[in-house]
1. Stick to Cα atoms and the Kirkwood definition of Rh, then tell me Rg/Rh for the chain.
2. So which of Lys22/Lys287; Lys3/Lys48; Lys22/Lys383; Lys383/Lys404; Lys3/Lys404 end up more than 26 Å apart, counting from Cα to Cα?
3. Sorted by mean Cβ packing within 10 Å, highest first, what order do the peptides 267-280, 248-261 take?
4. Long-range amide H contacts for Gln82: which residues qualify at under 5 Å (H placed 1.01 Å from N, peptide plane, sequence gap of 5 or more or a different chain)?
5. Tell me, in nm to one decimal, what length is gained between Thr90 and Arg121 on full extension, where the rule is 0.36 nm per residue of separation less the Cα-Cα distance?
6. Efficiency by 1/(1 + (r/R0)^6): what FRET value for Arg36 and Gln417, r their Cβ-Cβ distance, R0 = 35 Å, to the nearest 0.05?
7. Report the FRET efficiency, 1/(1 + (r/R0)^6), for Lys345 and Leu105, where r is their Cβ-Cβ distance and R0 is 45 Å, rounded to 0.05.
8. In whole percent, how big is the carbon plus sulfur part of the accessible area of the chain, probe 1.4 Å, protein atoms only?
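The values are calculated or read from the model by the stated rules, or taken from the named source; none is laboratory data. Bear in mind that the values here come from a model prediction, so they are computed numbers and not experimental data. Note: ideal-geometry Cβ built from the backbone for every residue, glycine included; neighbour counts use all protein chains shown. Ligands, DNA and RNA are excluded from the accessible area calculation, which covers all protein heavy atoms including side chains. Shrake-Rupley method; radii C 1.70, N 1.55, O 1.52, S 1.80 Å.
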Amino acid sequence: MDKLVIEGGTPLRGRVRISGSKNAALPILLACILARGPVRLANVPRLKDIATTLGLLRLLGCEAEQDIAAVTVCVGPDLQAQAPYDLVRTMRASVLCLGPLLARLGKAVVALPGGCAIGSRPVDLHLRGLERMGAKFNLEAGNIIGQCKRLKGAHIHFDFPTVGGTENLLMAASLAQGETILENAAREPEVVNLADFLNACGANISGQGTSIIRVQGVDELSGVDFQVMADRIEAGTYMVAAVITDGELYLEGCSITDLDAVVYKLREMGVWIQEGKSGVLARRGTKLVGVDVMTQPFPGFPTDMQAQIMALMGLAQGSGVIKETIFENRFMHVQELVRMGAQIKLSGQNAMVRGADHYVGAPVMASDLRASASLVLAGLAAKGTTEVRRIYHLDRGYEDLEAKLTNVGARIRREEQ
Ligand code: UD1
């Protein structure tokens, strides 16, 4: 198992190219199951989760390859219905093949994802929505077994604007008979990117980006060339990297439109952010102050940026409260940050962060993807050496992390643990 060794204290300066979005690419890759011709996707990041998804697609009977320029997916003549536990266990997003398989084959056998480090993460809303469209589910030996004739359009009101649930239902409804209305749907930009992809394949979806999405089912979707959106969470993470090291980074290939809530909070903290022609410039302003942050569904502050802003607030003047409302157990980074000198107290959903003068390098343990990112950020700012262990989480979600950071001056290397 590898670890990252970081010598902190160097201001990061220069340009970082923002990769394609992992959270947009994963559902789009699984949506390829719905298409009758080859799909060519540009701007797909080279990440562990992408490789796992391509592996899943191949297991299901698709051709799926990634080269430097693009990913190509083509459904073969013998599409299979089963996503085994070993794959679903390593990547929860595999559950997003449920909707496409039911729509295309009338059958899906998908291992029920277990809990994960950040909480229980149920899929009941996905299943209830698909049931309203005519699917029937049984749970056998840890597998969700779904069956249906052709899915029928339905009126579905989500109890919560679930991102994964909205994506599964969007894919299923694209090939259903008649109209599906998704109310209280997720408005995340990655959901919009999926809907745009499906429309490019011939689907008839409107209202994406609002909480009411309408889908007129069509009989067939075709292959297409499509470009995946930039990763807004990677962009937000590098903004924090610029500020926490007192440097200046130009993030190429992203815009602040999808990052409104993050940019708003960073500016409130005193960060200087400016949108340029082909990207965004971020650096520290005259002073950095603590603020209150609450994670919420889009357009609120994203849960995927909570750990990173906490690392930054740990070095701001004054204090602030970070409230996590999406996941019940997404504060695993707190105790690790405390080991580096952060002053954070937890109380239920709230983390009270009091700014410290500096962090001190220490060996720390990564627990999930964004928690790992927050520890790297703290390490970049810390006095001395930080060792971040269990970095396989980072490999799931940040393309070329060490290379990108090294190019802008960080002293970071990967070593075998
Ligand atoms: C969530 C985040 C998404 C993030 C991703 C990875 C939100 C709204 N969603 O998406 O931004 O990129 O994690 O970190 O911020 N829930 C149920 N039943 C369901 C589905 C969800 O109770 O069937 C609950 C979950 O337990 C959770 C909340 O709804 O508390 C949000 O879940 P959802 O948006 O579905 O999660 P992801 O799709 O994983």
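1. 0.98
2. With Cα atoms farther than 26 Å apart: Lys22/Lys287; Lys22/Lys383.
3. Order by mean packing, descending: 248-261, 267-280.
4. Placed amide hydrogens put Val109 under 5 Å from Gln82.
5. Net length gain for the segment: 9.8 nm.
6. 0.15
7. Efficiency computed from Cβ-Cβ geometry: 0.30.
8. 48 percent
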